[in-house]
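Contents: one structure, followed by commentary.
FYI, it's all coordinate maths here, none of it is from the lab. Given the structure is predicted, the values throughout are model-derived calculations rather than measurements. Ideal geometry is used to build each Cβ from the backbone, glycine not excepted, and the neighbour counts take in all protein chains shown.
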Amino acid sequence: MLVLPEMKLKPLLIALLFSFTALAQTPGIGTGPAHLILPRHCATVPPDSAWEIWFSQKIAEYKSQQNFPSSTTSNFMIPVIVHVIHGGEALATYPNVSAAQIYSQLKVLNEDYGGRGLNSATIASTGFSLVGVSNSNITFCLAQIDPLGNPLSEPGIDRVNYVSKGWANPAALGSMSGFQILMEGTIKPATIWNPQLFFNIWISDVNSSLFTLGYATFPSGSTLNGISTGLGGSTNDGIWIWSKSFGTVGTLHSVYNKGRSAVHETGHWLGLRHIGGDSGNALGDCAASDFCDDTPPQKGGANGGTNGQNFGAPVYPLHVNICASVYGDMFMNFMDYTDDAVMAMFTPDQSIRMQTAMTNGTFRSLLTASSATQCTVNYLGLPPSKPDEFSLRIIPNPSSGKIILELANPPQGGFKLILSNTMGQVLLNSELLPDTNKRFFLDLENYPEGIYSLTVFSTGNQTVRRLIISR
Ligand SMILES: [Zn+2]
């Protein structure tokens, strides 16, 4: 058996699934009493170098298409379904967590991916204010409709009782390999919703001896040759998060209680590496790369191993000039291993990776045009108070380009709409006014045949539908 330092072993865990039957535990080392438990453990398997070569090519294409850096990035709306894996507990009893806990996580996702992180003010006093807290222009919304077309009683939530399914309790499995076999081999394939329409998030309890906060699948691509480790497929694409580190209200771990585990894992799902690199090989401190030009090489914490991770709650500046960075480690990046309260930023280069993933990922590129989900959100991550209040039909669809938009409760005046292509590029951004019969006509006959995404805005809400022009 290979003998690896602990922090090298962890990223390789799933790849070496059948080589290890038990995971040795690391004594917690951190800055406060809370770390007498264990530091953050992300079990995401990084993809191989061939994937990074493919992805780098797509980043270059993205930049050239966008006339980078002069133009703005595209807006993406990602419909989310959260599969709550529970054992028949009463509603809102852990791990059958409350809807409020799930919606609190959506709020954090939208704040952090919108560059509005609760801690972004902390960046202002650091050298990294020059890099800036990036807005990825990615928004997360709650699915309103299940795969059979039925309205969800709790938007964005799918509750699954493992007892009634005859599955083992995920938290009863004391080895990472056993947990992974159950999750990847049984629970995910049986519960996943079409990953071309939904961003699948699974949450469950996990055995305390593992102390794993989450893991993600990286984006796969149709033009990617070969199969790398760690990429999402039709039966497993998405992220898993420990229920006690999901959201900001409910039964939560005392340190991982600000929703940053899901922010971190969603970053992997969108192509991001750990800020300190994912080498998992013989590279030493400072040498591993996250393939972003605006993040510094990292030394990492005393317990951070050789890939530059930091744990706990470091104080800025940290490791100045040790890795040729005058500002030291960017430990406040969402892709480090620090405490939830410390994490506060993505960088512009990280946003470009995420935009590239949304444009090129097999299970990412159509997510914004997802008519099946009837995705709606307000920017607090909450479902609209009356989900049907702003329901929208496109008549006919497909059409030759002349359509009527029918709203359940049409606004008094007009409303704003945005037409985008499947790349997320905005083609039309205008106000639509009713005619004398109070109908909303939209003439798109000048647009070529194809699949479009139509976003309609009302007070605090927006609704996205897929629109097809065919002649
Ligand atoms: Zn990670």
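General remarks:
- The aspartates and glutamates within cross-link reach of Lys188, meaning a Cα-to-Cα straight distance under 14 Å and a gap of 8 or more places when in the same chain, are Asp158, Asp237.
- Summing charges over all other residues whose Cβ lies under 10 Å from the Cβ of Pro47, with Lys and Arg as +1 and Asp and Glu as -1, gives -2.
- Gained length - Ala324 relative to Tyr447, 0.36 nm times residue gap less alpha-carbon distance: 39.1 nm
- The distance from the alpha carbon centre of the stretch 100-157 to that of the stretch 404-471 is 25 Å, rounded to a whole number.
- Cross-link check: pairs Lys416/Lys438; Lys107/Lys244; Lys165/Lys258 evaluated at a Cα-Cα cut-off of 23 Å; pairs beyond the cut-off: Lys165/Lys258.
- For a straight C-alpha distance cut-off of 16 angstrom, the aspartates and glutamates reachable from Lys402 (same-chain residues fewer than eight places away being disregarded) are Asp435, Asp443, Glu445, Glu449.
- Taken along the Cα-to-beta-carbon direction at a fixed 7 Å, the label points for Ser129 and Glu89 span 4.3 nm.
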